[in-house]
Structure formats: C-alpha cells, structure tokens
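Enquirer: Got a structure for you, written out below as structure tokens; questions coming shortly.
The values are calculated or read from the model by the stated rules, or taken from the named source; none is laboratory data. Note that the coordinates shown come from a computational prediction; the quantities given were computed from them, not determined experimentally. FYI the Cβ positions are ideal-geometry reconstructions off the backbone, even for glycines, and counts take in every protein chain you see. Accessible surface areas use protein heavy atoms only, side chains included; no ligands, DNA or RNA. Shrake-Rupley method; radii C 1.70, N 1.55, O 1.52, S 1.80 Å.
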Amino acid sequence: MFLLTPEPIDPTSLREAADNPHAGAVSIFEGLVRNHHQGRKVLRLEYEAHGPVAEKEGRCILREAIEKFDLDYAGATHRTGTLEIGECAVMVVVSAPHRRETFDACRFVIDEVKRRLPIWKKEFYTDGSSEWVGCEGCRGKQH
Amino acid sequence: MKKKPYGLLLAGGKSTRMGRDKADLMIVEGLSMRDRGLELLGAVTEKSYLAIAGDDHRNYDDPTIQDLRENAGPMAGLESAFSHSPETAWLVTACDLPFLTLSTLEYLVEARDTTCDATCFTSRFDGKPEPLCTIYEPSSRAILERELSDGVRCARRFLSTLARKEIKLPELSALDNCNRPEDLEEARLSLSHGRSLKSVLVEYCGVLREDAGCHSEEFQTRSVTVAGLWEELRMSRRLSLEIDSVKVAINDEFRSWNQPLAEEDKVTLFPPFAGG
C-alpha cells in the first residue's frame, strides 16, 4: 500500500487499487512539481529517500489513517530521483463508505507523509544554482 | 624541579543552549561542573582560582579572580590572573570540559616546557592549538597585553602567536566540550560507565551526505550515546546542520539522541524532511 519508486507514477493503476464494493467514496491527492519556490524559478527536482525507514514509517501512517477514519483502503506512493516540472511527486488514494472520511483522511496522510518520512528534495533553479529544501535556515556557521 | 603552575578555572557565562550557567550543572551526583574543574586543577597545581566576570557578585567558597575587562572572554581571565600573580605560570581550563581527566592534566604538566610561552594540546578536530587546557608561562603575559590592546579577543588566535610546545591528546575526547543537555548526558554516562571503543556504520542522507562526501562509512568511536557521536562527526566531517534540526535512526528505528551506542550499530543521520 505504501511505495517508493524511481519510475513515473501511474495514477490509473493506483486509483484502481481503491476499488471496493463497500466503498462509496474515493479521494485522491496528487502532489506535482511546480516551476517556482519562494520566488525562485525551478527547473527540476531531485528526491532522495531513506528506503527502509521511509517504507516502514509510510506503512505506519497508512495503518493509522485506516484506523482513525475507518477507511476501506489507503495507499500512497512517493517518487524518488529526478523529476521535471508537472510530474507527480506523491499520490495518496483513500476510500471509505462516505466522502467526509475520505477528504479528511487524504489530508491526514499527505500531512503526515511530509512531516514524518525521511525524504529530501533538492531544487535546481533556472539560474544554475541548487538548494536542499528545508535546510536553508538550519545551516551552521562553518559554511 | 619545575615550580608547579597556578590553576585558573574559567567559569564562563550563561549558556543559552543549556538554559543556565554551565558551571552550576551537576556532572555527577553532588558535584557541579565547577567543583569538578576545581578539584582536577587542585590536584596538579600549587593553588587554583575560579575566574569570574567583573559583574559577578555571587559568593563562592573557592578563591576567585575577577575579570579586569568586559567581553574579552578567556583572554580577560588570563590577563587578570597574571595581574594577580605575574611570576607564576597559569594552567587555564574551562568548566565546560566534562571529559577532562586527571591523567590528561598530569600529562600536560609532565610535558610542560618552561622555555616556551605555553604548553598546550593539539585539537583532535582541526589540528589547531587548544587554548583552554594550556599552561601559560609568565613570558606570555607581554604578548597577551599586546594582543588585547590590538583588539584580539580570540584565545585561540592569541595562543597561535605564542612560542609553544604542542602535544597530542593522550585521551582523544578529553577536551570535547559541552554545550547542550545531550552532551552532558554523554559525559555523565561516560563517567559512570567508562568509554569503550566501538565500530559503527554511519549513513548520511541529503545535505549531510554532501557535507560528508560519502553515503556511509565505518567509524570508530568512544562515545557512549549517539549525541556524542554526532558531535564527533559534526566537527570532523564538517557537517553543516545543528543537532536540533537533525533526526537519527539506529538500525532503521528512530531514536533519541541519548540512546546508547552498541558495537556494529547502523546510525543514520536525517536532515529536515522535505517530502511531498
């Protein structure tokens, strides 16, 4: 149900995994690579993940979501490697008998994915520079 | 026989990261960092003093020497010590050196060369002289005064200008300092349990991998906790993040910085997460 992949994400097959006669609602979140970040023009991204810990923690988040929102299904896939503008970086699919639970669960899963998974993003800008996102403010003095 | 030096323990100021005066922190039950520092110095010197700031009006049980000038750090302490006793050498240490041992101090005193301006250790991290566990001979006083009047406030820079005998640390981590609660816990555990040599596998992720220049490496450590290991790696691999922004996993499980290390542990260092 949780997957890290260096291959492009295929939304159709991920969506099909949520099919279930018990489910009356499916919600999907797709996170895409956009061409700007904090006023800088982004050319592409590179995602790096710590596989063993990210997969374990990812499964844990999905189990929590199923229990918390009484879901029929929860799945999430996160890309690794180089991504161009417009590509799908992360996809969350959840299903439940009613829509309210699926909207809430979808948000819960993506928020926890961002907060808890050991995944890092390096942005490459049109001016030739690059930066690890989230590390700008916490650099020590020696650099 | 060489005349014993006098000892000067720099009490230091308030520590923002510890949330209080480091000298008051307890290193082991009933013994503050200040008491321990004075006890160690007392064992190898003729007489030892606590160096305190000019505006420190607390009552101390031990003899004190007050800084004659403000905001000059360790150099002000040494200046005041020479003004108090110009004819003796001064062994200067700081109270935030929880790993300092009597044998390291004895080694320094034994190696002392009175024909130099100073006898000191070489930093294990960057190979530069360590100013805060050093014997300053009376001949260094004139240079100290000159550097201070030139506006120099960095004790390390001052020490670099002296004719000195530099020796290697007999115990590698003896001068590692203590800026955070995790460092103090490391010191407490190492004093109570001892420090044995362990081999661990360190994995670096994201920006830390770029800093270290490798995905992973075998690393020999005597640190008791993973916080102690972080401090070693941060200095020797010039890692660019502060401990607050880093998370750690041991054998693929998230752990706290106070987690003790075991032989062959895999330690993974995580920069701030940025998925999604």
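Enquirer: May I ask you to say which residue of A:T82, A:T12, A:T77, A:T5 is free of Cβ contacts under 8 Å to residues at least 40 places away in the same chain, within 28 Å of B:V248 (Cα to Cα) and of a type outside the set (A, V, I, L, M)?
Expert: A:T82
Enquirer: Can you tell me which of B:F270, B:F254 is open to solvent by 40 Å² or more (accessible area, probe 1.4 Å), over 18 Å from B:D183 (Cα atoms), of a type outside the set (A, V, I, L, M) and at the interface with chain A (Cβ under 8 Å from one of its Cβ atoms)? Spell out how you get there, then give the answer.
Expert: On the way: B:F270 fails: open to solvent by 40 Å² or more (accessible area, probe 1.4 Å).
Within the list B:F270, B:F254, the selection yields B:F254.
Enquirer: Turning to a different aspect of this structure: Here is a list: B:L172, B:L144, B:L197. Which entry is at pLDDT 95 or above and not β-branched (V, I, T)? First the steps, then the outcome.
Expert: Values: B:L172 fails: at pLDDT 95 or above; B:L197 fails: at pLDDT 95 or above.
None of the other options fit; the residue is B:L144.
Okay, residues lined up against (1) assigned to a strand (DSSP E or B); (2) more than 8 Å from every other protein chain (Cβ to nearest Cβ); (3) touching an Asp or Glu at 6+ places or on another chain (Cβ under 7 Å):
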residue	(1), (2), (3)
B:E186	no, yes, no
B:S196	no, yes, no
B:E217	yes, yes, no
B:S223	no, yes, yes
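Enquirer: Could you give every pair whose Cβ atoms fall below 6 Å, whose first residue belongs to the stretch B:15-44 and is surrounded by 19 or more Cβ atoms within 10 Å (Cβ to Cβ), and whose second residue is outside any strand (DSSP E or B) and modelled with pLDDT under 70, counting only separations of at least 6 or pairs across chains?
Expert: Cβ pairs passing all conditions: B:K22/B:G12.
Enquirer: Right, something else. Among the residues of the stretch A:110-143 satisfying the criterion of being open to solvent by 40 Å² or more (accessible area, probe 1.4 Å) and in a strand (DSSP E or B), which is modelled with the lowest pLDDT? Spell out the reasoning first.
Expert: So in the stretch A:110-143, the residues open to solvent by 40 Å² or more (accessible area, probe 1.4 Å) come out as A:111, A:114-115, A:126-128, A:130-131, A:136-137, A:139, A:141-143.
Within this subset, residues satisfying the condition of being in a strand (DSSP E or B) are A:130-131, A:139.
Values: A:S130: 94, A:E131: 93, A:R139: 56.
The residue in question is A:R139.
Enquirer: Looking only at the stretch B:226-251, how many residues end up being open to solvent by less than 10 Å² (accessible area, probe 1.4 Å) and in a loop (DSSP other than H, G, I, E, B)?
Expert: Going through the stretch B:226-251 one residue at a time, the tally reaches 3.
Enquirer: Then there's this: Identify, by number, the condition in (1) surrounded by 15 or more Cβ atoms within 10 Å (Cβ to Cβ); (2) under 28 Å from B:N251 (Cα atoms); (3) within 14 Å of the chain's Cα centre (by Cα) that A:C106 doesn't meet.
Expert: (2)
Enquirer: Also, I was wondering about something else. Name the residues in the stretch A:20-54 that are free of Cβ contacts under 8 Å to residues at least 12 places away in the same chain and either more than 14 Å from every other protein chain (Cβ to nearest Cβ) or in contact with a Ser or Thr (Cβ under 6 Å, 6 or more places away or on another chain) (or both), would you?
Expert: The answer is A:P21, A:H36, A:G39.
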